[in-house]
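The values are calculated or read from the model by the stated rules, or taken from the named source; none is laboratory data. These figures come from a predicted structure and were not determined experimentally. Ideal geometry is used to build each Cβ from the backbone, glycine not excepted, and the neighbour counts take in all protein chains shown.
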Amino acid sequence: MRIFLLLLSCAFSFNRIEATPMNEAQLQNAAKLIRNVCQPKLKISDKLIENIHNGDFAENEKVMCYLECVLRMGQLVSYNRKQSY
């Protein structure tokens, strides 16, 4: 959870998003929404997600796909390969 919140806050600062900042409760709700979309989509266990939150990133295809899903849902990466800064 802490990692996602950090990544989300970095996205706001790097992308210069013109929006009001989210409070902690809103960030937690956004993280829960993203998890509820990505977890069933990839059929990843709660234990693996808990390990991710604790900093244990297993070299597992499901874990990497879950992280990609989270980053895409959080709009931290895009589907196209060209990045515009």
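Observations
- Identity of the residue in the range 28-85, touching a residue at least 60 places away in the same chain (Cβ under 8 Å) and assigned to a helix (DSSP H, G or I), that ends up surrounded by the most Cβ atoms within 10 Å (Cβ to Cβ): Val70
- In the range 1-27, residue modelled with the highest pLDDT [restricted to those that are part of a helix (DSSP H, G or I) and among the hydroxyl-bearing types (Ser, Thr, Tyr)]: Ser9
- Tally, over the range 64-82, of residues that are in contact with a helix residue (DSSP H, G or I) (Cβ under 6 Å, 6 or more places away or on another chain) and at pLDDT 80 or above: 6
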